[in-house]
Amino acid sequence: MNDVVPETDGYATRRVSYEAGVLEEAQLAGTPLGQFERWYAQASGVLVEPNAMVLTTVGADGAPSVRTVLLKQADGRGFVFYTNYGSRKGRELASGSGRVALVFPWHELQRQVVVRGTAERLTRAEAAEYFGSRPWDSRVGAWASRQSEPLPDRAELEARWAQLAERWPDRGAPDDVPLPDHWGGYLVRAADVEFWQGRPSRLHDRLAFVSTPGPTSSLDDAAGWRVERRQP
């Protein structure tokens with residue numbers, strides 16, 4: 001029996017004219033954080049998960065890998081996410097330079113925000129505070145999943161979760177489940193934050209806050225940043 005190849009609508013023939021808005025220098029907030037928060041607020045009214053961001057890391061061998069994670073905090077220091085330290089991303093951050101890139105793909109608004117910088121671990125106290133705020137079943141899941149490792153079948157994972165759930169029942173307290181040693185947060189300190197607005201004829205607007213030489217610039221302080229327009 002011949003395999004039936006489903007008909008596609010043609011990758012190369014898809015065309016969308018981006019006409020949702022413009023981005024001029026005069027429209028920018030005074031700081032990278034201010035501009036991010038402005039766009040994030042607008043995305044929150046349209047997207048299901050505006051805090052979903054694509055994270056790229058690089059291993060010791062120079063090979064990149066990419067996945068989607070969730071932003072959990074943004075402040076003057078940078079952008080925060082949490083993960084298993086034993087995961088592929090955790091191993092690559094430990095063995096490499098710590099350099100990362102983030103992309104917030106806000107397609108519905110014909111926008112994206114691109115961040116380049118370095119990631120560093122948060123303190124255990126910060127990780128514990130956030131971990132206690134997670135739903136009970138997610139906290140159990142952080143223990144059950146040996147993230148990125150091969151898994152013979154899903155039944156094994158579910159059995160491990162059930163065993164741990166029995167060990168740490170849900171009592172409605174933030175410390176029902178202890179913080180794993182292998183789990184915590186990362187802070188991405190940005191060196192470059194680019195705001196991209198789609199425009200017609202592929203003449204998109206790209207305005208970037210670029211950190212100037214010197215100490216790491218705070219995202220909520222105009223000092224230490226310059227703005228440049230980039231060609232699309």
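Throughout, read-outs are computed from the coordinates displayed, never taken from laboratory work. Keep in mind the model is a prediction, meaning the values are calculated, not measured. Note that we place each Cβ from the backbone using ideal geometry, even for glycine, and neighbour counts take in every protein chain shown.
Modelled label positions at residue 68 and residue 19, each set 7 Å beyond Cα in the direction of Cβ, lie 2.8 nm from each other. Sorted fewest first by neighbouring Cβ atoms within 10 angstrom, 15, 226 come out as 15, 226. Put one equal scatterer on each alpha carbon of the range 132-232, apply the Debye formula with no solvent term, and list log10 I(q)/I(0) at q = 0.12, 0.13, 0.23 1/Å to two decimals. So the normalised log intensities are -0.70, -0.72, -1.17. The helix-based estimate of mean residue ellipticity at 222 nm for the chain, built from -39,500 (n - 2.57) per DSSP H run of four or more residues and divided by its residue count, is -7000 deg cm²/dmol to the nearest 500. In degrees between 0 and 90, to the nearest 10, how far off the longest principal axis of the chain does helix 154-167 point, with axes built from Cα atoms? Taking the Cα atoms of the chain, the angle to 154-167 is about 70 degrees. You can think of it this way: the chain between residue 123 and residue 88 has 10.6 nm of extra reach, that is 0.36 nm per residue less the Cα-Cα gap. Note on 72, 89: ascending count of other Cβ atoms within 10 Å places them as 72, 89, the fewest first. Between the listed residues 73, 117, 169, the Cα displaced farthest toward the positive end of the dipole of the chain, a dipole computed from Cβ unit charges relative to the Cα centre, is found at 117. Semi-axes of the equivalent ellipsoid of the chain are 34, 26, 18 Å, computed as sqrt(5λ) over the eigenvalues of the C-alpha gyration tensor in descending order. According to a simple spin-label model (label point 7 Å from Cα along Cα-to-Cβ), what is the distance in nm between residue 29 and residue 163? Those two pseudo-labels are separated by 4.7 nm. A Cα-only calculation for the range 40-156 places Rg and Dmax at 15.4, 43 Å. A Förster distance of 25 Å, applied to the separation of the beta-carbon atoms of residue 99 and residue 181, puts the FRET efficiency at 0.50. Computed from the C-beta positions of residue 201 and residue 133 and an R0 of 41 Å, the FRET efficiency is 0.35 to the nearest 0.05.
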